1. Determine if region A:67-85 includes at least one residue that is touching a Leu at 6+ places or on another chain (Cβ under 9 Å) and either part of a strand (DSSP E or B) or polar (S, T, N, Q) (or both).
2. Of the residues A:55, A:33, only one is over 29 Å from residue B:83 (Cβ atoms), under 24 Å from the mean Cα position of the chain (by Cα) and more than 10 Å from chain B (Cβ to nearest Cβ); which?
3. Name the single residue that is farthest from residue B:79 (Cα to Cα) among those in region B:18-48 being modelled with pLDDT of 90 or more and of a type in the set (Val, Ile, Thr).
4. Show me the strands (runs of 3 or more DSSP E) entirely contained within region A:131-188 in which 3 or more residues are of a type in the set (Gly, Ala, Ser).
5. Condition first: farther than 21 Å from residue B:29 by Cβ, aliphatic (A, V, I, L, M) and either more than 9 Å from chain A (Cβ to nearest Cβ) or out of contact with any Lys or Arg (no Cβ under 9 Å at 6 or more places or on another chain) (or both). Can you find one or more residues in region B:137-156 that meet it?
6. Restricting attention to region A:167-188, which residues are aliphatic (A, V, I, L, M) and within 14 Å of another protein chain (Cβ to nearest Cβ)?
7. Regarding region A:117-126, can at least one residue be identified that is more than 30 Å from residue B:147 (Cβ to Cβ), touching a residue at least 12 places away in the same chain (Cβ under 8 Å), surrounded by 10 or more Cβ atoms within 10 Å (Cβ to Cβ) and more than 21 Å from the chain's Cα centre (by Cα)?
8. Quick check: is even one residue across region B:68-77 of a type in the set (Gly, Ala, Ser), touching a strand residue (DSSP E or B) at 6+ places or on another chain (Cβ under 9 Å) and within 12 Å of chain A (Cβ to nearest Cβ)?
Amino acid sequence: MRALLQRFSFLLMVLAAIGLMMMTRADPVFIDAARARVTDAFAPILGFIARPAGAVAGVLESGRQLTALYAENQRLREDNERLRQWQQTALRLEAENNSLRGLLAYKPDPAASYITARVIADPGGAFVRTLVVMAGQRDGVRRGQAAMAGQGVIGRVVQVGEWSSRILLVTDLNARIPVVLETTRQRAMLSGDNSDQPRLMYIPRGVEPTVGERVFTSGHGGLFPAGLPVGIVATTHEGETRVTPIVDLSRIEYVQLVDFGIPGGLAAEAAQPGAMQ
Amino acid sequence: MAVGVWQRLDQAGRNLVPFSTTVAAMLIGMMPLQLPDYSFVAPPLTLMSIYYWAIYRPDLLRPLLAFGVGVLQDLLGGSPLGMSALVYVLAYWLVLTQRRYFLGNSFWFLWLGFALVAVGAGAVQWVAYSLMTAHLVGPGNVVAQALLAIVLFPLPAWCLSKLHRSLLSTN
């Protein structure tokens, strides 16, 4: 009798779990709110245990750097030299651009403001690519804002709590970012598939992206501002083009959430039932 | 009578050890370690903890708690809600039916049992996720995760058994 009861209770729980999965489909807004609440509640603890983790990572990193100190220095010196030249070019072009814009009475995009937040959890698992950061509604974070680290886009905000929020990385299965190729100015969709290198989709036949070419946000769909670097074309064969994100996604300590002042615009979000949207 | 109250409090605290280590394992598993590719294949510490306690002290870590931890993990981790809960309940069930084989035998049996559970858990997750997203996900990460979990299992198991012996040995 007891064994029967036990078996029944297990069956009930299995059904409950399946029911929960169905519910995510039926009422994603409610589930999202629940996620935000729970993440808020655990954010202080996660933030606390992330600190020693950061310290350990720092020690590992400095150990690795010590071994390559000389070569690194050499490389940086050369880089610096080259970048100085680029800086001159950039300054000249900026001045030229400004004067040309003045001539055309060009209306610039609204200026972006940044919110910087610490990464407190990298929940990982084999199926999701998200980060939890310590900044939320009261810091000005809004759903849909672009997340950057260093020089490139890493993803966007999908869930906002009071003082914590979640970022869907560009490599996640549900991530879709409208992009444009650097040289051909061809539009495409950067689509994550849980691998390290997201795929470029919807490239017309005949357009062949070149390896090493950079990929920028196109600004279509109003989700991201245009012209933010996302990645570099890594491989292209048999019509499948893969892009390496410009930022090393496994080593992000701080992210910048960009509020570029364009409201709404979630048109480009591809809805996938079940997972984070 | 004061002693009785303290003793009971102490006992209650000790009885919470399986549950609290499981939650702690979940939170530790979410630490941003900043190792390349680590988070994709991070060993499922929560599953290890549930496996261990389901074998040694199923009276202190009830199946409903395993279910609750699973729901919590899904909410916090961003995975489809109910997926981890399903995996943990099924793992618990499997362990409970096969408990006498794992219990009391050598460590090798405990390890072998975990290997079975880890592979099963990976398979269930993979099927559930593929069905939910209507998208056949590459099984590479799941396989790597299960293998890493099996290889690393002795270390968390050793920590858990230390805790077990020092805090729950009297009963």
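1. Quick first cut of region A:67-85, residues touching a Leu at 6+ places or on another chain (Cβ under 9 Å) only: none.
No, because not a single residue in region A:67-85 is touching a Leu at 6+ places or on another chain (Cβ under 9 Å) and either part of a strand (DSSP E or B) or polar (S, T, N, Q) (or both).
2. A:55
3. B:21
4. Hits in region A:131-188: A:146-149.
5. Scanning region B:137-156, I find no residue that is farther than 21 Å from residue B:29 by Cβ, aliphatic (A, V, I, L, M) and either more than 9 Å from chain A (Cβ to nearest Cβ) or out of contact with any Lys or Arg (no Cβ under 9 Å at 6 or more places or on another chain) (or both), so the answer is no.
6. A:167, A:168, A:169, A:173, A:175
7. Within region A:117-126 (the criterion being more than 30 Å from residue B:147 (Cβ to Cβ), touching a residue at least 12 places away in the same chain (Cβ under 8 Å), surrounded by 10 or more Cβ atoms within 10 Å (Cβ to Cβ) and more than 21 Å from the chain's Cα centre (by Cα)), the answer is no, since none of the residues qualifies.
8. Yes, region B:68-77 has at least one match.
The values are calculated or read from the model by the stated rules, or taken from the named source; none is laboratory data. Please read these numbers as outputs of a predicted model, since none were measured by experiment. When we count neighbours, we look across all protein chains shown, and the Cβ atoms used for this are built from the backbone with ideal geometry, even at glycine.
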